[in-house]
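Reading through the structure tokens given below for one structure.
Every number here is computed from the coordinates shown, using simple stated rules; none is lab data. Since we're looking at a predicted model, the values are computed, not measured. Ideal geometry is used to build each Cβ from the backbone, glycine not excepted, and the neighbour counts take in all protein chains shown.
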Amino acid sequence: MSAADHILATARQRGADQPYAGAVTPQEAFALLQSDPSAKLVDVRTNAERYWVGQVAIAPGQHAAVEWSSWPSGVVNPQFVEQLGEVAGKNDLLLFLCRSGVRSRHAAKLATDHGFTNAFDILEGFEGGKDSDGHRKQVEGWCKVGLPWIGG
């Protein structure tokens, strides 16, 4: 079994009770992106978040931005599935990322409900949860574990 196969098997077990393919840690997501050039990280944060807070630094062909909701209204993007279909195929390995791992779960579920068969949530998100002072990027998440990112 390859390292990627092991990660996916673990992710499927970890997400066995979820309505999508599974859940990966940020480190596992990065390893999958490194080992499978067809894998895609779908950043579902708002454009404002990506601009002001930062974004992942991975190969452009492996990164797509599809907003789950708009800012500042918080209204869910009614064209989410259509826009996802413009950047990903139904059988692509899709790794959904948000700020802390909440919107990405919703996105993975909706994608799965619409026939995307390999939709995975990235646990902890880009910034992770808040520390005791209310700051993010200190406790968990893509940034905290030292994975490549830019901006913000």
Checklist entry - Counting other C-beta atoms within 10 Å, which of Ser100, Ser132 has the fewest, and how do the rest follow? => result Ser132, Ser100
Next on the checklist: Let me check I've understood the local charge: for Ser100, count other residues with C-beta under 14 angstrom from its C-beta, Lys and Arg +1, Asp and Glu -1. What total comes out?
Outcome noted: +1
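So how do 21-28, 65-72 stack up, highest first, on mean other-Cβ count within 10 Å?
Answer by packing, highest mean first, reads 21-28, 65-72.
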Item to check | Point-charge dipole on Cβ atoms (K/R +1, D/E -1) for the stretch 3-150, about Cα centre, debye to 20 | outcome: 160 debye
Next on the checklist: Can you tell me the length gained on complete extension of the stretch Lys130 to Ala9, counting 0.36 nm per residue apart and subtracting the Cα distance?
Outcome noted: 40.6 nm
Item to check | the chain: C-alpha pair distances exceeding 21 Å, % | outcome: 38 percent
Next on the checklist: Projecting each Cα onto the charge dipole of the chain (Lys/Arg +1, Asp/Glu -1 at the beta carbon, about the Cα centre), which of Val139, Ala111, Ala4 comes out farthest on the positive side?
Outcome noted: Val139
